[in-house]
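Structure, as structure tokens:
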Amino acid sequence: MLAATANSTRAAARTRKARAAAGDGTPEQIHLTWGENPATDVVVSWASPGAATRPRVRIGQRVIPAEPRQYTDGINGETVWTYHARVGGLRPGATYVYVVTADNDSNAADPFTATFRTAPRGRAAFRFTSFGDLATPNAAWVLSYGQSAYAVDAVESFQPLFHLLNGDLCYADLNPTVQPEVWRDFGSNNQTSAASRPWMPCLGNHEVEFDNGPQGFSSYLTRYTLPDNHVPGFSGLWYSFRIGSALFVSLDADDVVYQDAGAFVAGPAALTPVTGTGNPAIEPGTSFYIRGYSGGAQTAWLERTLAAGRSDPSIDWIIVQMHQCVCSSSATGNGSDLGIRQQWLPLLDRYHVDLVLNGHDHGYERSFPVRGADVDAGHEAATGAMVNTLRPHPVTTTDSGVFDTSQGTVHLTLGCGGTDTPLDEYGMDTADGSPLPGGSRPPRTPPRQAKVFTRANRPVLTSTPGVYTRAAADAVEDATWSARRDTSTGYGIAVFDVRPDPEDFGGQTSITVTQYHAVGADPVNPATGAKGAPTPDYTEFETFTLVSPRRA
Ligand SMILES: [Fe+2]
């Protein structure tokens, strides 16, 4: 079975090389992103096996030439050809049919055709969806799993205006000798939805790839055209866009987290790029750790962006997307990171960010609204010594189902896309019988506990010669901020209905959030031991509403 898979993979690679050599410009992996103004601008992006001649998008009588962008993978030497057509001057809230083609498109007689809808203008209602950590449906790749295809179908089933994909897109870095193939399977899988509505991504730790650019982001940056952040040298790494009365801010937390979780060679073998790349072997124990890469430029941009958003009376909601977590209590996953809490939490507080959407831990967790920090709430995992984890302070611990986000920010962990590794086991402080603040739980129930990275876990040698590892989080805290965790499955999708009209919900603007989950999709359910399999059935797990006073 494995040999058959390897043979078919090699055969596909041979066919691929032949198509590249023959200059096959057939569009594939077609996906949309918002342009500078989602009400009028959309970008159509795609790839082709070889260089395309006159790549273009057609909308009605308009023909929009596409900009070519390419890179050569630094490990296996494959050149990836991508194309990006910026379509502007559209009408708000309108549906358009578009065609993607090139002179050397083998489907030129019947080229790829799909439709999209632009964003509404003004205080209009709209729906978006979100998850992270999608992977691909090709189980030949590390961390890929069949649920990834059902997850894309789930997005389509809710017909959102757009989808937020919260980092760790396809884990090509964990399949380092075949990275372009993994990205191709990811792009082909997403096309089912991303060709019909924008999918807005952010960078995660697994977008960091060896020998692919200064931060390892060439695979990502070549494939995506994202709104301009106007920060020289960092175009596409973080950005914002506005839809109706909501400002969306997409960040790259790789810049601030302590956790070292990017590309890594554990050993004992080195990772040796093919000769043609000119890149040297990457020795065991090497990790690509990029904390601090922007030199503060991203944080300065974030402050400017949040300040402008909060001073704009036509913006009610500020929603932040980033991969790593401020508030995750997954026990089998990564946990929370002090780096984000130190550098960005004060800004989220000062500018009253309403909602933060994450990935990274493969499950679903919701925080109470949090503002400010509890000091001296953490302990070093190894020694029990006190350590300041800047634990986010819940402004309420009553799980009422309606939360005023002008009082505190709600964090959602949504790494529940489609990997083969659900992380839906959560921490409990079994050494401590104290109740949660508010006394809402029986006194003998141990409080929830979260792991927290408070320092870098750089590679260390194991007891096996030549083999390295990176340690888990170094600290723990009682997770007083944790409101709800889905222990039944690590797979799901969050659906957000933004309703700006105060008459729709008690005189306030509101966002109703519903988490749908795919029960039974866990390969092995950690709570019951039951074996599961990918499933198309997404059912409701919980629904709650965020409210905020209208600004204007
Ligand atoms: Fe991650």
Euclidean distance of C-alpha centroids, segment 224-303 and segment 81-100, integer Å: 28
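Taking the solvent-accessible surface of protein heavy atoms with a 1.4 Å probe, what is the per residue accessible area of the chain in Å²? All intermediate terms of the calculation are to be shown ahead of the outcome.
Numbers: 19920 Å² over 552 residues.
About 36 Å² of surface per residue is accessible.
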With no solvent and one point per C-alpha, what does the Debye sum give as log10 I(q)/I(0) for the chain at q = 0.12 Å⁻¹? -1.18
Loop only by DSSP, 13 or fewer other Cβ within 10 Å of the Cβ. Give me the chymotrypsin sites (Phe, Trp or Tyr not before Pro) in segment 59-139 that pass, ordered by residue number. none
Quick one: check the C-alpha center-to-center distance for segment 344-363 versus segment 477-552, whole angstrom. 16
Per residue, how big is the convex hull around the C-alpha atoms of segment 181-223? Give it to me in cubic angstrom, could you? 76
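What length, rounded to one decimal in nm, is gained on full extension from T397 through to T272, with 0.36 nm per residue of separation minus their alpha-carbon distance?
On the way: separation 125, 0.36 × 125 = 45.00 nm, distance 5.19 nm.
In short, 39.8 nm is gained.
Counting Lys +1, Arg +1, Asp -1, Glu -1, what net charge surrounds G408 among other residues with beta carbon under 11 Å of its beta carbon?
Values: positive: R371; negative: D349, D354, D404.
Local charge sum for G408: -2.
The values are calculated or read from the model by the stated rules, or taken from the named source; none is laboratory data. Everything numeric in this text was worked out from a predicted model, so none of it was measured. Cβ: placed from backbone, ideal geometry, glycine included. Neighbour counts: every protein chain shown. We work out accessible area using only protein heavy atoms, side chains counted, and drop any ligands, DNA or RNA first. Shrake-Rupley method; radii C 1.70, N 1.55, O 1.52, S 1.80 Å.
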